[in-house]
Structures are given as structure tokens and as C-alpha cells.
Amino acid sequence: MEEDIAPHRSRLPTPGGPTGLSRIPGPPLRWSSPLGAPAAPTKRSCLSVTLRRAGGCGGGPPWERLRGPAPITPVPPRPRPTAAEGPQRRGSPGGVEAAPAAKMWVPCSLPRSGPVESKNEAAMSELVPEPRQKPVVPMKPMGINANLLGYIGIDTIIEQMRKKTMKTGFDFNIMVVGQSGLGKSTLVNTLFKSQVSRKSSGWNREEKIPKTVEIKAIGHVIEEGGVKMKLTVIDTPGFGDQINNENCWEPIEKYINEQYEKFLKEEVNIARKKRIPDTRVHCCLYFISPTGHSLRPLDLEFMKHLSKVVNIIPVIAKADTMTLEEKTEFKQRVRKELEVNGIEFYPQKEFDEDLEDKTENDKIRESMPFAVVGSDKEYQVNGKRVLGRKTPWGIIEVENLTHCEFALLRDFVIRTHLQDLKEVTHNIHYETYRAKRLNDNGGLPPMTVETEENHESNL
């Protein structure tokens, strides 16, 4: 009898089923896991122990297990409700009890045999849902300050650019516009601490006052610390000196556009030069007369027309003729009039690239227009040689911020924004002219006699 019972000890009982151990008197067996594995033996009655020894962990009473295993009927899979139907409970309008949540059936590791087992396994496999694939987690990008395995040499790019700039040098073209007698040439000479602009000696009685505005460009090569700069100062004598100053800004605007046209022709040549000479005006210093009242209509018309084609920096000339209170009030009045007339001067707000540039340029815009004093003469003050102007009440130091704002203008034009002036000229003003010019002429500038000769010589 033991031999007949032994092969069926691998069968797992079904708790609470129709053939479970609940029919046998005595305390029921306890289950330690949902898979049906028996728990550790406990105190039971003799009958219960005898049955356990006789039946092992098989399913059903011993007298049923002696006859052989009961046939297992495969369970058909329940149809899952669709999302539109939703779960239904007892008492719902449908009257159907909702199916419980799908459970994961783990196959038993005990041996299986026979066609009935294979059918049951196939039915169970239909109930097991397919495991969901884990979403692909993208790799985290490496940090900017990733640890390098060794020295690369990226930091030498700045040194390479510095060496190349020192060899080739660069160009800077500055224009000064204003009435005669405002100290335009003196201020430019003070900016660059050299005689880069010739002073006008005044008109003789025999000479006639010019009826139109003249354009005079003087070039110099300045070298400092091994860096060469080709400086060109463009003066505009005769501006605002006529009785009728109507459209007196047109010759200046024409000269600025001519330099753009010259650069464009060199750029569109088939065999163009390796380095195109740059004669474009990068900066225009507009001198305002220190009246202490308001801007003249000529000042407003000039800046309104030329602020769209060149970088204009307004300055108040000969600021030593006003008191500190008059200077402060006049600067506020000038800023208000420029804002009311829609005149934008450099640096424009729309060209601020980031928050750092905006913060720095806001401070500059609040200080403009700069009230300056120019002088190329030195005087002894407290044992030091300083540039200044001697007056009956003392010496006005040009580079002293308590006397004037020349130092702010110098640092702004030369030490902090010189390269930006050139970039805005090339990327904004020149590109605007270039796009308009090419659009009007179908993509290329008109071929003139001069350009035809240059084209034939290149061929």
C-alpha cells in the first residue's frame, strides 16, 4: 500500500476544494504559501498524523488517492472587459460580477506528466499576461567638467588667436560729427594720446566757407604692447555751420553707404582678396553743444537718420562750461528727448546677448550721453603730470571722474566695447545694407566699369 501511495505524494492539494482535507475531522492543515507547500508539522490527533503519513502532501483523502489522480478539467480563459465597458460589480445595471484582477501564475517546479497536464499548462499560459518591457532609459549626458584622462590643449586657442592678431593687426574707423569749435579733433587726440586728428586752424578772410559738408579721412598705425591697430579718423568739417542746414546729413550718410558698397563688391568677387580692407565706419561720435537747454532740431534729425546705419555715441562737448547741477539736468533732458523721438544709440537694448551684457550695458546707458572735456596738454598737479585744461579757477583734469566723464568714454570705446562695435557694424548694419542691396539687384550688385576691369584683371 505504501508503494501505491508514494507516486502520488507530489500532488498539491487544493485548499477549500471539494476534495480538500476539510472533510476529515480534526484540525485543518495550515498552508504557508499560495503555492500549496505544507508548513512545518504541528501537534495533531493520531488520525491526522496517520493520514499525513499515508497520504503525504497529495490532494484529497487517501481513499481517493488510492484509486488514482482525479481528472483535471482545463479552465477556459475569461473574456476581459474592454475599457469602454469598465468594471462591473454585483448590483450594477449589467448584473454581472466583475472579474478579479489578473494574477500571475507561477508554474510549479514539481514534475508533471501526461496529456492532461499539458492541456492544463496550455490553459494556464493563456491566463498569464505578457510581461511589460521596461522603458529604455537614455544615458545621462556627460557633464561639461568631465574628468579628462590627460591634457588636451584646448586652452591654447586664446593664445593662438592672440598671436595671429598681433601679426595681422586690426582696423578701427571712428567718425566725429558736430559743429566747429566743439573740440572734436582735440578729444580724438586725447582718446588715443597721439596726434591722430589735425586741428582746424580756422578760416582766413580770403577763404570761402564751404557750402557743403566735407569728408576727410586720416589714417594712422598705432602700436601698443606688440598689437598693431590701423586707426582711421573721419572728420566732417562744415556740418551745421551753414545758414540753411537742411539735409546736411546726406553727405555723411552717403559716405557711410559707399564704404558698405566697397566692402560688398570685394566680397562678391570670384577671386577675392584673402583679407578685404575694412573702411566701414565702426563708431560715430556725435558732439552735442553744451547749451544746457535741449537738443536742436538738427541734432534730432541727424541721429534719427544715421542711427539705423551706424553706431552713434552721443557726447556733450566742453562739459566744463556747465555746473554739476546743470550737467546732470541736461543729460536727463537729452535722454528723454532721444527716447521720445525713438532714437536708439549704441549700445542698443535689442543687441544685448545675455543677462551679464544687459546689466553692464544698462549702467552705460544710464551714464550717457557722456559729458567730456578734451585736452592734449599736461600740467603738474600734486607732483603728477596729468592731462587737463587750465582755467582761472584751477586745472580741470581730463581723466578725473569728479571733473568729467572722459575716462568712462575712453574705457567704453576702447577697453570694453571696441570689438563689439566692429561686430555690430558687420553683423547688423552691414548685413542690413547687403540684404537690401542684393535683393534690389537680383542677387548681385550692378557691374560697373571699375568692377569689370577688376574682374578681367583677376582672370
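Have a look at LYS422, LYS331, LYS436 and point out the one that is under 30 Å from ILE270 (Cα atoms) and crowded, with 19+ Cβ neighbours inside 10 Å. Let's see the steps before the verdict.
Working: LYS331 fails: under 30 Å from ILE270 (Cα atoms); LYS436 fails: crowded, with 19+ Cβ neighbours inside 10 Å.
Matching residue, one of LYS422, LYS331, LYS436: LYS422.
Does GLU223 satisfy the criteria of being assigned to a strand (DSSP E or B) and modelled with pLDDT under 90?
Values: assigned to a strand (DSSP E or B): yes; modelled with pLDDT under 90: yes.
The answer is yes for GLU223.
Step by step: first the residues of region 332-354, then only those that are assigned to a helix (DSSP H, G or I) and hydrophobic (A, V, I, L, M, F, W, C), then the one that is nearest to ILE312 (Cα to Cα). Which residue is that? Working first, answer last.
First, the residues of region 332-354 that are assigned to a helix (DSSP H, G or I): 332-340, 349-351.
Filter once more, keeping what is hydrophobic (A, V, I, L, M, F, W, C): 334, 338, 340, 351.
Values: VAL334: 14, LEU338: 12, VAL340: 17, PHE351: 14 Å.
Filtering first and then ranking leaves LEU338.
Residue by residue through region 254-286, note down the ones that are hydrophobic (A, V, I, L, M, F, W, C), part of a loop (DSSP other than H, G, I, E, B) and open to solvent by 40 Å² or more (accessible area, probe 1.4 Å).
Keep residues of region 254-286 that are hydrophobic (A, V, I, L, M, F, W, C), which gives 256, 263-264, 268, 270-271, 276, 281, 283-285.
With part of a loop (DSSP other than H, G, I, E, B) added as a condition, the list becomes 270-271, 276, 281.
ILE270, ALA271 - these are the residues of region 254-286 that are hydrophobic (A, V, I, L, M, F, W, C), part of a loop (DSSP other than H, G, I, E, B) and open to solvent by 40 Å² or more (accessible area, probe 1.4 Å).
In contact (Cβ under 8 Å) with a residue 24 or more places away in the chain and in contact with a His (Cβ under 9 Å, 6 or more places away or on another chain) - does that describe any residue in region 330-337? Please lay out each step first, then the result.
Step one: list which residues in region 330-337 are in contact (Cβ under 8 Å) with a residue 24 or more places away in the chain, which gives 330-331, 333-335, 337.
The next check asks that each one be in contact with a His (Cβ under 9 Å, 6 or more places away or on another chain); those that pass are 330, 333.
Scanning region 330-337 turns up at least one residue that is in contact (Cβ under 8 Å) with a residue 24 or more places away in the chain and in contact with a His (Cβ under 9 Å, 6 or more places away or on another chain).
Considering only residues that are over 17 Å from LEU306 (Cα atoms) and aliphatic (A, V, I, L, M), which ones fall in region 341-380?
Matches in region 341-380: LEU355, ILE364, MET368, ALA371, VAL372, VAL373.
Kindly list the number of the only condition in (1) touching a residue at least 24 places away in the same chain (Cβ under 8 Å); (2) under 25 Å from THR323 (Cα atoms); (3) not in a loop (DSSP other than H, G, I, E, B) that fails for ASP411.
(1)
Quick check on my filter: what residues within region 307-329 are in contact with a His (Cβ under 9 Å, 6 or more places away or on another chain) and outside any helix (DSSP H, G or I)?
Within region 307-329, LYS308, VAL309, VAL310, ASN311 meet the criteria.
Note down all Cβ pairs under 6 Å where the first residue falls in region 166-194 and is within 16 Å of GLU405 (Cα to Cα), the second is assigned to a helix (DSSP H, G or I), and they're at least six residues apart or on different chains.
Sorted first by the residue in region 166-194, then by its partner, the pairs are LEU191/ARG410.
From the set of residues in region 355-402 that are assigned to a loop (DSSP other than H, G, I, E, B) and of a type in the set (Ser, Thr, Tyr), which is nearest to the chain's Cα centre (by Cα)? Walk me through how you get there before you give the answer.
Quick first cut of region 355-402, residues assigned to a loop (DSSP other than H, G, I, E, B) only: 368-369, 372-377, 382-383, 392-393, 398-402.
Subset that is of a type in the set (Ser, Thr, Tyr): 375, 402.
Working: SER375: 43, THR402: 39 Å.
Once the filter is applied, the top-ranked residue is THR402.
Scan region 200-210 and give yes if some residue there is under 25 Å from ILE313 (Cα atoms) and modelled with pLDDT of 90 or more, otherwise no. Full working, then the answer.
Going residue by residue through region 200-210, those that are under 25 Å from ILE313 (Cα atoms) are 200.
Adding the requirement that they be modelled with pLDDT of 90 or more leaves none.
No, the conditions are met nowhere in region 200-210.
Quick one: ARG385 ticks every box in (1) touching a strand residue (DSSP E or B) at 6+ places or on another chain (Cβ under 6 Å); (2) closer than 27 Å to VAL281 by Cα except a single one, so which number is it?
Only one criterion is unmet by ARG385, namely (2).
If I ask for residues that are at pLDDT 90 or above, over 30 Å from ARG296 (Cα atoms) and outside any helix (DSSP H, G or I), which ones from region 154-196 would you list?
Scanning region 154-196 gives a single hit, ASP171.
Name the residues in region 404-441 that are of a type in the set (Asp, Glu) and within 24 Å of the chain's Cα centre (by Cα), would you?
To start, the set of residues in region 404-441 that are of a type in the set (Asp, Glu) comprises 405, 411, 420, 423, 431, 440.
ASP420, GLU423, GLU431, listed by residue number.
Determine the pairs where a residue that is farther than 17 Å from ARG434 by Cβ, located within region 241-263, has a partner that is part of a helix (DSSP H, G or I) and open to solvent by less than 20 Å² (accessible area, probe 1.4 Å) with Cβ atoms under 7 Å apart, the partner being 6 or more residues away or on another chain.
TRP249/PHE302; TRP249/LEU306; ILE252/LEU306
The values are calculated or read from the model by the stated rules, or taken from the named source; none is laboratory data. What you see is a predicted model, and the numbers here were worked out from it, not measured in a lab. Glycine gets a Cβ as well: all are built from the backbone with ideal geometry, and neighbour counts include every protein chain shown. Just the protein is used for accessible areas: all its heavy atoms, side chains included, with ligands, DNA and RNA removed. Shrake-Rupley method; radii C 1.70, N 1.55, O 1.52, S 1.80 Å.
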